[in-house]
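Where a number appears in this text, it was derived from the coordinates with a stated rule and is not lab data. This is a predicted model, so every value here is computed, not measured. We place every Cβ from the backbone using ideal geometry, glycine too, and count neighbours over all the protein chains shown.
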Amino acid sequence: MKPAPFGYARPGDWPEALSLLRDGARPLAGGQSLGPMLNLRLAQPATVIDLRHLPGFAGVAVQDGYCRIGAGTSHAEIEDGAIPGRLGAILAGVARRIAYRAVRNRGTIGGSLAHADPAADWVAVLPCFDGAAIALGASGERRIPLADFVLGLMETALRPDEVLRAIELPVLPPEARWGHWKFCRKPGEFSKATACVLAVPGEPPRAVLAALDMPPLVIADAGALLAAPEAEAARIVAGLALRDPWRAALVRTALHRAALAAWEMEE
Amino acid sequence: MTAVGAADAPPQGVGASLRRKEDARFLRGRGRYVGDITQAGMLEVAFLRSPVAHARLLGVTKPEGAEDRVFTAGDLLGVGAIRAASNLAGFRVSEQPVLARGKLRHVGEAIAACVAPTRAEAEDLAAACTLDYEELPVVTDMLAARAPDAALIHEHWPDNAFLETRREEDLSDLDGIAAAKVTRRLRTARHCMAPLEGRGVLAEWDPRLEQLIVTSSAQMPHVIRTGLAEILGLDEAQVRVIAPDVGGGFGYKGILLPEEVVSAHLAMRLDRPVRWIEDRLEQLTANANCREHHYVVTAWADREGRLLGVEVDATVDAGAYSSYPFSACLEAAQIGSIFPGPYTLPRFRCRTVSACTNKPPILPYRGVARTGVCYAMETTLDALARQLGIGTDAIRLANLVPPEAMPYRNLVGKVFDSGDYPEALRRAIACFDLDRLRARQAAGEYVGFGLGIFCEQGAHGTSVYHGWGIPMVPGYEQALARFTPDGGLELRTGVHSHGQGLETTLAQVAHEVLGVPTARIRVVHGDTALTPYSTGTWGSRAMVMAGGAVAEACRLLGERALAIGAVLLQAGPEAVELAGGAVRRRDGSAAVALEEIARTWYRRPQHLARDVDTGGLEVTAGYRPDPDTGTHSYACHAVIARIDRDTGAVALEDYVVVEDGGKLVNPMIVDGQVLGGLAQGIGTALYEEMPFDAAGQPLAGTLADYLLPGATEVPDVRLDHMETPSPWTRFGQKGIGESGAIGPPAAIVNAINDALHRFGAELTDLPASPARVLAALEAGRRR
């Protein structure tokens, strides 16, 4: 389990990173997914671009009601409170359930989202927020709504010459309700079903169902789910026509329990 | 002789919970494993492995320009195949080529060895090879393997079976007599042993000694040496096997692997040190397979639950080859002899098949067949109890061998040495508030209580193994004990310690006999050049066998020291004794320390008597218990399991083990052994499974897919010990190393079924994954 030969580039600034990208190189953030794929020779890029030393790759800034999270911000930083307020508390709760601390120390929010494994935590959770992925290309930054970012299994709306620069999420009021539930048989196992529900006063509640073998399912108005969690979860999941009855039961349970958790004002 | 130190010195002998001597280096990261060892000019090996489960191998094209760095079967002149025969009637021996020859019989089978200065470059070479093969129909299921139209894996065999055994007994009258009869089909999953450190080997040829030096992550270095010498055509003295620190064995590291043979051959042929370090992908998909059984069990009982008879049809998926030295029949042979368990079973019929399939060979894993057998017997007993409407405790108490019958010879000739099996059961049950549990069940909670009780034969010797005729039969265990010139004590033993704590416990044994402080005792192991021959560490035997041998060697050494000491004290032999690390006059008037006695023998021989024993202060002694049919430790596992009815997930609320390992040499180490085994047993019960698709592709290639229980999956276990000495061993100790891994599947699935049966559901297949639990509940709902 050693990688095939590859080149290693460590750009000093973003334009250099983008020019490397145009030559077909593969960006590397925390390496917690790409690393094993290289070792298993499932990925054999000619060059790996190490993004970790680029200015502003990691870090959090709040401005104009939005929180901008650098793509290179690690799960551990988020777990440890890098993001302020109610939004930060919610994301810290998600981050602390990602794999193990050793993975969280290196893995990044942007790397995970751009990798677009349907079972990954950020892939499942971020579409629940009315935010955007910030893509950086030759002509500057482009905003992609998070609900439209992941298109399929390891497939995103990023163009080949773009890199994920940051994630922008709305600052949330303290009374925003949040429920998140996922099924793993042990920490570190890929989730078999993830659901989350966000209810911000004055806005229609949103829900996401993920870790399916397809892009996350965004429920833009989850009012009915919050009103009747069990029945509505059953109705939604029946519509997915999942073949494996166990997975169907898990997905139904995930949605049901995430909705209940939102009522219980879970962190 | 008992050690008498200063009155307030903490005890160090047999029975003391001494901290492990070896932990000083392990906890500091100072252990030294094969992967830590390099040699100048060393080459690394990567294997090109079969991508398919069954095919005719037509050719291998080596990368252009790299023909001299890639080796296939045709390049290995003078290297034999691995043959692990058995003389059980009808056994068919397979030829396991060390590199595939003519046919590919499982995914991951080694086809070519590629060498390069680094492993990555060696893998590049393997990736650049091209294979030409013609796929054949695949046999992935052990039951389908026996179908008349199944493809033959070894084409000169009449069918895909290594061995069939039959113990016939006519049970046809039982239907008319019995108050209850149940039949169950049960399966245990194929899984993979997962020691933290995988296999690894570093081979080099020493031209001065004309010797092949093989540093291997091995738990049975002497047996590996014998196997290597035979296959490579060398004198055994031309092979030295060193097993340095080894990160867990569990049976896997007793096996002679094709990769070891190839690496050793290449070291000689290339005259360069050659190293192969197994990675996790190789371990999971090509090598460390174990455990896969299928049972059809029928049991009859009278109204009180007394067993009238049991009939078993067992199939073991033995994979494609018979592995060295335990052969492909170890599991099935054990099933036939241990199925009656700790019970007074009056009648027994048992047929076993060791089926050959297109999967890696099945290897013995901690507990070997006992884990599956205990699961089959104990779940069947619970089904019987439910049918009779009696308690699961009552049915066991009606059948357990009573203490007054010990030693007890059961109907297949197993002799249980000592113990109070019913008491273990009662103690375990007394740890729980079962009324509260029944109330929770009545309130609709999905919770249940399960029991699993078993005995574990350990340290069984010649009389048990000779009949099988496998390449390795244990005999007398030897140990060497000697004083160094400065009065330290050195013990040399052919067993290997890779988690068992033998560097501590054997020192405790020596301290018990000679009174030397354990800080001054060094245990040398893991090198065939430095230690007496031993079959090694397996079968829960080391503490009984090596412990007995060390005690005997120390006893004889003590006599020699006593004689020298008597002369130095100018006393007659009857006027002195050995105590507290010194030879003392019995009247207390004078003493001479063992250090002084050692100094005299080695460096001041002018003070020795003329008639001194010229063997000096070095003794090799052999030991074997009499009878050598083995010790039987036993344990009762009891657990409360809670089931999430929406997801099928199982949580273990409370787990109790009552264990009897006879006299415990170091109770703290025994606790560690039981807990470690228990974690593995929980893996067998709930998590571990290597699925194969219809084409024979293993589907769990990483530890993200192959689930092992971790710290968050193993509950806080309550351990209780009984201590019934074995009448046959040196200190009354019993083999207990595998015990923890045997009981969990039985106890946990019984607890699950106690929860499920009220909903018409019952689980029969391992592991009890959420999907299986939910499917059982769904089937119950439809019923």
Subject >> Fully extended contour minus Cα-Cα distance, from B:R167 to B:L708, at 0.36 nm per residue >> reply: 191.1 nm
Subject >> Structure-based [θ]222 nm, the protein assembly as shown - -39500 (n - 2.57) summed over DSSP H runs of at least 4, per residue, nearest 500 >> reply: -8000 deg cm²/dmol
**OP:** Neighbouring Cβ atoms within 10 Å as the yardstick, rank B:L381, B:L777, B:L556, B:L678 fewest first.
**Re:** B:L556, B:L777, B:L678, B:L381
Subject >> Dipole axis of chain B (+1 Lys, Arg; -1 Asp, Glu on Cβ), positive-most option in B:T352, B:V524, B:Q733 >> reply: B:Q733
Subject >> Most mobile listed residue (A:Q63, A:Q44, A:Q32) in chain A, GNM with C-alpha springs under 10 Å >> reply: A:Q63
**OP:** Select from region B:169-226 those GluC sites (Glu not before Pro) which occupy a DSSP coil region and have at most 15 other Cβ atoms within 10 Å, ordered by residue number.
**Re:** B:E169, B:E210
Subject >> Top positive-direction residue, dipole computed over region A:7-53 with Cβ charges, set A:I49, A:L21, A:S33 >> reply: A:S33
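Mean Kyte-Doolittle of at least -0.5 and a Cα length of 20 Å or more along the axis: which whole DSSP H helices of chain B meet both?
Values: long enough: B:370-388 (26 Å, 0.11); B:542-568 (37 Å, 1.31); B:667-682 (22 Å, 0.94).
For chain B, where a helix must reach 20 Å along its axis and average at least -0.5, the hits are B:370-388, B:542-568, B:667-682.
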Original post:
Which of A:G188, A:G137, A:G70 moves the most in a Gaussian network model of chain A with Cα springs under 10 Å?
Top reply: A:G188
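Arranged by the count of other C-beta atoms within 10 angstrom, fewest first, what order do A:L164, B:L234 take? Write down the numbers at each step before the final one.
Working: A:L164 25, B:L234 18.
Starting with the residue having the fewest Cβ neighbours, the order is B:L234, A:L164.
Taking 27 Å as the cut-off for C-alpha to C-alpha distance, list the pairs among B:K62/B:K253; B:K21/B:K253; B:K21/B:K663; B:K253/B:K359 that go past it. Before the final figure, lay out the partial values.
Values: B:K62/B:K253 31 Å; B:K21/B:K253 23 Å; B:K21/B:K663 21 Å; B:K253/B:K359 19 Å.
Where the Cα-Cα span goes over 27 Å, the pairs concerned are B:K62/B:K253.
Mind checking the dipole of the protein assembly as shown: about its Cα centre, +1 per Lys or Arg Cβ, -1 per Asp or Glu Cβ, Debye to the nearest 20? Intermediate values should be presented prior to the final figure.
Numbers: 106 positive and 125 negative charges, 131 e Å.
Around 620 debye, computed over the protein assembly as shown.
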Original post:
If you place +1 on the Cβ of every Lys and Arg, -1 on the Cβ of every Asp and Glu, and leave all else neutral, what size is the dipole of region B:236-360 about its Cα centre, to the nearest 20 Debye?
Top reply: 180 debye
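So how strong a dipole does region B:485-602 carry about its Cα centre when Lys and Arg Cβ are +1 and Asp and Glu Cβ are -1, to the nearest 20 debye?
On the way: 10 positive and 12 negative charges, 13 e Å.
Dipole about the Cα centre, nearest 20: 60 debye.
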Subject >> Residue order, fewest to most surrounding Cβ atoms within 10 angstrom, among A:R177, A:R185 >> reply: A:R185, A:R177
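When a/c reaches 1.5 or more, the comparison of a/b and b/c decides; with that in mind, is region A:60-170 rounded, prolate or oblate per its Cα gyration tensor? Display every interim value, and only then the final one.
Details: a/c = 1.66, a/b = 1.24, b/c = 1.34.
It is oblate, given that a/c is not under 1.5 and a/b is not larger than b/c.
Which GluC sites (Glu not before Pro) in region B:32-81 pass both tests, a DSSP loop state and at most 12 other beta-carbon atoms within 10 Å? Could the numbers behind the result be given before it?
Values: sites: B:E44, B:E64, B:E67; in loops: B:E64.
Within region B:32-81, the qualifying GluC sites (Glu not before Pro) (loop, at most 12 other Cβ atoms within 10 Å) are B:E64.
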**OP:** Under a 10 Å cutoff between Cα atoms, tell me which one of A:P118, A:P15, A:P145 has the largest fluctuation in the Gaussian network model of chain A.
**Re:** A:P15
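Partner chain Cβ atoms within 10 Å, averaged over the residues of A:36-42 - can you pull that number for me? Mind showing how you got there, number by number?
Details: counts 2, 0, 0, 6, 4, 3, 0.
Other-chain Cβ atoms within 10 Å of each residue's Cβ, averaged: 2.
Could you tell me which of rounded, prolate or oblate describes chain B, using a ≥ b ≥ c as the square roots of the eigenvalues of the alpha-carbon gyration tensor, with rounded for a/c under 1.5 and, failing that, prolate when a/b is larger than b/c and oblate otherwise?
Details: a/c = 1.95, a/b = 1.15, b/c = 1.70.
Cα axes put chain B in the oblate bin.
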